Every structure is written in structure tokens, then in C-alpha cells.
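Just so it is clear, none of the values below were taken in a lab; they were calculated from the coordinates. Quick caveat: nothing in here was measured; it's all calculated off a predicted structure. Here the Cβ positions follow ideal geometry from the backbone for every residue, glycine too, while neighbour counts run over all protein chains shown.
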Amino acid sequence: MNNNQPIGIFDSGIGGTSIWKAIHELLPNEQTIYLADSKNAPYGQKTKAEIIALSMKNTEYLLTLGCKLIVVACNTATTNAIKELREKYKIPFIGIEPAIKPAALHSKTQTIGILATQGTLNSELFNKTVEMYHDTKIIEQIGHGLVQLIESGNMNSPEMTQLLNEYLQPMINANIDYLVLGCSHYPYLIPQIKKILPSHIQIIDSGEAVAKQTQNVLNEKVGLSNLEKSFPIFYTNTDPKVLDDILENRYGIIQTAF
Ligand code: DGL
């Protein structure tokens, strides 16, 4: 394994760029390759078998590009497929899971909310985590429609505001003091979510934790690269505009079939 090989990051679409940003900030010398499988988004309503197959396809594409480690920047793919990925491929995988632990440990009302996809909330991995915090009341809400609106470039639409209100109001009424964002697309909705939630409710996502974990694994298993400058590369299998917009048109996007 060569230390200068890139880190591969994939998601069902553009949302995982929220995780890419955290990694790029913490490890600016690492070369990163981001893969947006927007053509197959959303993963959230697919079967476990479909999610595993797509995750393997993304992994194999990143392996052909020489990645030394892969970050699964998608809660749905992590909770449904990371075990199978780790069994099949030799390189290290970092996954992202909803941050139930810090929310449950810090909650004073012992009531927290989680917004995630159906695939994540129904997964065995997620439900095992929930069982560990049975003293905390966890209000689960599927974010129906949110990923589709983000992927179609309608993040700031009135429809989005309406859906967020519908999903968050019952959590506010139930007295949550933490809201866990269990989908890597949702950090982009934080400005809108903040307009709905009372200010005492904390919002948690897993971006920083994933970046730290990536750093740890690189140190332990792979070794940090010595590149002086990082050259992020972004691939998508649909119209590159939405990915380009979410990255504020700062990087080149490569459109390719995978
Ligand atoms: N961004 C993904 C996640 O973290 C999946 C969204 C989807 O494709 O449904 O769960």
C-alpha cells in the first residue's frame, strides 16, 4: 500500500460532500476522490440486497482508481452494507452512523429525535445501537422526500420547509433537546432546521467524528501520505450541476458512467 494513494469517499449522491468537507478540513494533505451515485439516489427506500450491490459497485470503481481506504459517507449504505464490504474487500472502510450515543449521553430531557432514511432506521445495526440506550426516548422520523429535493436542486423550496415542519414539530412537542441528523444529506438543511427548532435544541451530525476516525485509521493501518497539496476529484453519474452547486463551483466535476 502506497501512502500517496487517494482516499475514496462515496454516497448515494451529493450529501456525502458534507463528510468530504470534514475530512478535507482535517486532512488537507490527503488526496480525496468523491463518488456521487446520484443516478441511483435515494438509497433509503431500497432493499438491503440492492444497497449492498450498489455499495460494492461504488467500492469497485474507487478501487480501480487506486484508493487505499474508503469512507462510506452514507448512513444508509453503512448500516446496511459495511459488514459485507469489510468481508469482501481487503482495504479499511470507515462508515457513518447516526450519532445516537452523544445525544443520549447528554440529553437532559432523556428524549432525543432522529431524522434518517427508512433504510437506516430499519437496519439491524441502527436498532442494536438504539437498544443500548433504552433509558432514552428516541423519536424516530423517516425523512421522506428530503433527499429527492436536495438531489434535484430544490433544497430551499417551500416544499422543503413544509416537510421539515411536519417532521420536526412532533419532536419539539415531545420535548427533545437533541436532534440527530442520521443522513449525510441533512447537514445542508441545518440553516432551515434552525429556523424551526427552538434554540435550546442541539443538532448533531457525524461529519467531524468520521473525519477523526479516518485520521486514526490512516495512522494505525495505512500511514498518512506526505503529499503537500491535496487535489480533490469529484465524480458523478448524472448531470454535474447539482454537485457543482453544492461545492460552490470550486472544483472540477467529472461526469462518468459507473
Ligand atoms: N446520504 C445517505 C445517508 O446518509 C442516503 C440518502 C439516500 O440515498 O436515501 O443515508
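Applying the condition of being among the polar types (S, T, N, Q) and part of a helix (DSSP H, G or I) to the range 33-59 and asking which residue is farthest from the ligand (Cβ to nearest atom) yields Thr59. If you check Glu159, Glu151, Glu166, Glu140 for being more than 14 Å from Pro198 (Cα to Cα) and under 17 Å from the mean Cα position of the chain (by Cα), only one passes: Glu151.
Name the helices (runs of 4 or more DSSP H) wholly inside the range 77-173 in which the number of residues that are polar (S, T, N, Q) and on the phi < 0 side of the Ramachandran plot is 1 or more.
Details: elements: 100-106, 118-121, 124-132, 146-151, 158-173.
Those helices (runs of 4 or more DSSP H) span 118-121, 124-132, 146-151, 158-173.
Thr64 meets all of the listed conditions (1) away from the ligand (no atom under 16 Å from the Cβ); (2) under 16 Å from Ala211 (Cβ atoms) but one, namely (2). When the residues of the range 222-258 are filtered to those that are assigned to a strand (DSSP E or B) and among the β-branched types (Val, Ile, Thr), the one that is surrounded by the fewest Cβ atoms within 10 Å (Cβ to Cβ) is Ile254.
Of the residues that sit in the range 174-221 and are part of a loop (DSSP other than H, G, I, E, B) and among the charged types (D, E, K, R), which one is surrounded by the fewest Cβ atoms within 10 Å (Cβ to Cβ)?
Asp177
Would it be correct to say that Glu30 is away from the ligand (no atom under 16 Å from the Cβ), surrounded by 15 or more Cβ atoms within 10 Å (Cβ to Cβ) and either in contact (Cβ under 8 Å) with a residue 40 or more places away in the chain or not in a helix (DSSP H, G or I) (or both)?
Details: away from the ligand (no atom under 16 Å from the Cβ): yes; surrounded by 15 or more Cβ atoms within 10 Å (Cβ to Cβ): yes; either in contact (Cβ under 8 Å) with a residue 40 or more places away in the chain or not in a helix (DSSP H, G or I) (or both): yes.
Considered against the rule, which asks whether it is away from the ligand (no atom under 16 Å from the Cβ), surrounded by 15 or more Cβ atoms within 10 Å (Cβ to Cβ) and either in contact (Cβ under 8 Å) with a residue 40 or more places away in the chain or not in a helix (DSSP H, G or I) (or both), Glu30 comes out as yes.
Among the candidates Ser152, Ser184, which residue alone is within 24 Å of Thr236 (Cα to Cα) and in contact with an Asp or Glu (Cβ under 7 Å, 6 or more places away or on another chain)? Quick ask: steps written out before the conclusion?
On the way: Ser152 fails: in contact with an Asp or Glu (Cβ under 7 Å, 6 or more places away or on another chain).
That would be Ser184, the only listed residue that is within 24 Å of Thr236 (Cα to Cα) and in contact with an Asp or Glu (Cβ under 7 Å, 6 or more places away or on another chain).
Candidates are the residues of the range 1-27 that are among the charged types (D, E, K, R) and surrounded by fewer than 23 Cβ atoms within 10 Å (Cβ to Cβ); the one that is nearest to Gly143 (Cα to Cα) is Lys21. Quick test for you: out of Asp177, Asp239, pick the one residue that is closer than 28 Å to Leu63 by Cβ, among the acidic types (Asp, Glu) and more than 18 Å from the chain's Cα centre (by Cα). It is Asp239.
Picking from residues in the range 196-225 that are under 23 Å from Ile14 (Cβ atoms) and out of contact with any Leu (no Cβ under 9 Å at 6 or more places or on another chain), the one that is farthest from the ligand (Cβ to nearest atom) is Gln213. Entry remark, the range 55-81: residues being closer than 21 Å to Glu124 by Cβ and surrounded by fewer than 21 Cβ atoms within 10 Å (Cβ to Cβ) number 1 in total.
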